[in-house]
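What follows is one structure encoded as structure tokens, with my remarks underneath.
The values are calculated or read from the model by the stated rules, or taken from the named source; none is laboratory data. Since the structure is predicted, the reported quantities are computational estimates derived from the model, not experimental observations. Here the Cβ positions follow ideal geometry from the backbone for every residue, glycine too, while neighbour counts run over all protein chains shown. These area figures cover heavy atoms from the full protein model, side chains too; ligands, DNA and RNA do not enter into them. Shrake-Rupley method; radii C 1.70, N 1.55, O 1.52, S 1.80 Å.
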Amino acid sequence: MFVVLPPILWLVQKASKRYLKLSKGIQKSMGQVSHITSEVIGGYQVVKNYGGQAYEAKRFEKASKDNLKKGMKVVVTNSINTPAVQLLMAIAMSVVVWLALRPEVMADVTAGEFIAYLTAAGLLSKPVRSLTDVNQKLQKGIAAGESIFALLDEPEEVDNGKAINDIQGNIQFNNVGLTYPDGTVALQNFNLNINAGETVALVGRSGAGKTTLVNLLTRTLSPTTGQIRIDNEPIEALSLNALRSQIAMVNQQVVLFNDSVRHNIAYGDLSQKSDADMMAAAKAAFAHEFITKLPQGYESDIGAEGLQLSGGQRQRLSITRALLKDAPILILDEATSALDNESEFYIQQALDNVMDDRTTLVIAHRLTTIESADKIVVMDGGQIVEVGTHDELIKKGGQYAQMYERDFT
Ligand SMILES: Nc1ncnc2c1ncn2[C@@H]1O[C@H](COP(=O)(O)OP(=O)(O)OP(=O)(O)O)[C@@H](O)[C@H]1O
Ligand SMILES: [Mg+2]
């Protein structure tokens, strides 16, 4: 029996390697299948409007077939491996029986001893078979474990700064540069001083690096070169919680959750705010009126990604959330781009009120919304092209003046 053990172990080892490789492949192909499914369901409007059904069906079929092929390979490996191991066991048994049929070899073995031996050897085949079965599950687990641990081993956000709760809102960008991992240079040699309470507008063509710049402030991104200081402290010296609690940001891409209006506005740390504060913020952002018209008012569910609301309504909820946060630094990234002229006019007035006593960074393509800013920073290719007030820049007749003229002719 021992003679067949080495070949069995060799077979099991070969199969292990193959199972591991296939299991990794299956994880990937399964991921691909669910990725395509969620993409197509999420983007069903584009798929239908642009006749993408055939293309998406083909893409899905390819991914499914790939997944099926890999699954079949596991089955094939299994169906070869188990019988092969059993065959080796059977050969060993047959040798034993063959020897038993030769009395001259087995002279001093009684019939009882022989039967006992044969039974024991027969019992061995079941555990050996389960060894190969368990092995397959084990390798599958190892493959899954590897991808989970790869995620767990990702470096954490560095957060060893001190906690502060009251900042003035002075912001300095010193020689800040940022290159995305794919090599896109989004910002370079960016130098800017913003005094507490100032309103600074960032303008520039699409892709100039405006959103990238404001994402650096909340440490969603880290600069590749240079340093950002808030109240003369490098932002890395502040704890992430402290830093983020001091900044209210309306993102360019509105993010809403599949939850009630109330939970979307008074989100996270804001859940402690009073109802009166929430409604005051909603009124300032021109959201109160439409919210009270919803079937259950502030308790109405807004559906996945807020899709039961119009684009402008979603944007107003996002502004309400930022106003409710009432932080010393306010960042508005295209915050009013989806609004009609009338609501924009009123929200602008409400924003002008809250901008008075805090540092505000406004990004806007519609230049009317930023004329009154203390400083207008014109960016291009990740660099500053011009800085000045509206009047100064118009007088200078540079890029801003051209953009402004184009807006109004
Ligand atoms: N995650 C990313 N990875 C790689 N490159 C990126 C990433 N995000 C942005 N970029 C690139 O960085 C540059 C600046 O992008 P950014 O979003 O800051 O522009 P923007 O000024 O906000 O433009 P817009 O006015 O259209 O919002 C662009 O060239 C963009 O392609
Ligand atoms: Mg942007």
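Quick notes
- On the basis of the beta-carbon distance and an R0 of 51 Å, V385 and L87 show a calculated FRET efficiency of 0.05.
- Ratio of Rg to Rh for region 221-277: 1.08 [Cα atoms; Kirkwood radius as inverse mean 1/r over pairs].
- Debye log10 I(q)/I(0) at q = 0.10, 0.12, 0.13 Å⁻¹ for region 1-127, Cα point scatterers: -0.56, -0.66, -0.71
- Structural descriptor for region 171-407: relative contact order 28 percent, calculated from alpha carbon pairs under 8 angstrom and at least 6 residues apart.
- Amide N proximity, region 380-409 versus R366 label position 7 Å along Cα-to-Cβ, cut-off under 15 Å: 407-408
- Accessible area per residue for region 171-407, computed on protein heavy atoms with a 1.4 Å probe, is 46 Å².
- Three semi-axes of the equivalent ellipsoid, region 272-352, Cα gyration tensor, whole Å, largest first: 19, 16, 12
- Between A144 and H35, the contour length at 0.36 nm per residue exceeds the Cα-Cα span by 37.5 nm.
- Pairwise FRET efficiency - N193 versus W10, Cβ, R0 = 60 Å, nearest 0.05: 0.25
- Quarter the surface of the alpha carbon convex hull of the chain and you get the mean projected area, 31.5 square nanometres.
- Based on alpha-carbon atoms, the Kirkwood radius and the radius of gyration of region 171-407 give Rg/Rh equal to 0.97.
- Rounded accessible area per residue of region 87-129, 1.4 Å, Å²: 71 Å²
- Remark: for residue pairs K210/K283; K17/K73; K24/K137, the C-alpha separation exceeds 24 Å in K210/K283.
- Spin-label model distance (nm) - A242 vs V158, 7 Å beyond Cα toward Cβ: 1.6 nm
- Placing a pseudo-label 7 Å from each Cα along the Cα-to-Cβ vector at Q168 and T220 gives an inter-label distance of 2.8 nm.
- Segment S274-Q252, extension gain: residue separation times 0.36 nm, minus the distance between their alpha carbons: 5.2 nm
- Region 285-346-region 136-193 distance, computed between alpha-carbon centres (Å): 29 Å
- Look at the alpha carbon pairs under 8 Å that are at least 6 residues apart: their mean separation over the length of the chain gives a relative contact order of 16 percent.
- Tail fraction, Cα-Cα pairs, region 92-193, threshold 25 Å, whole percent: 67 percent
- Solvent-accessible area, 1.4 Å probe, carbon plus sulfur percent, for the chain: 57 percent
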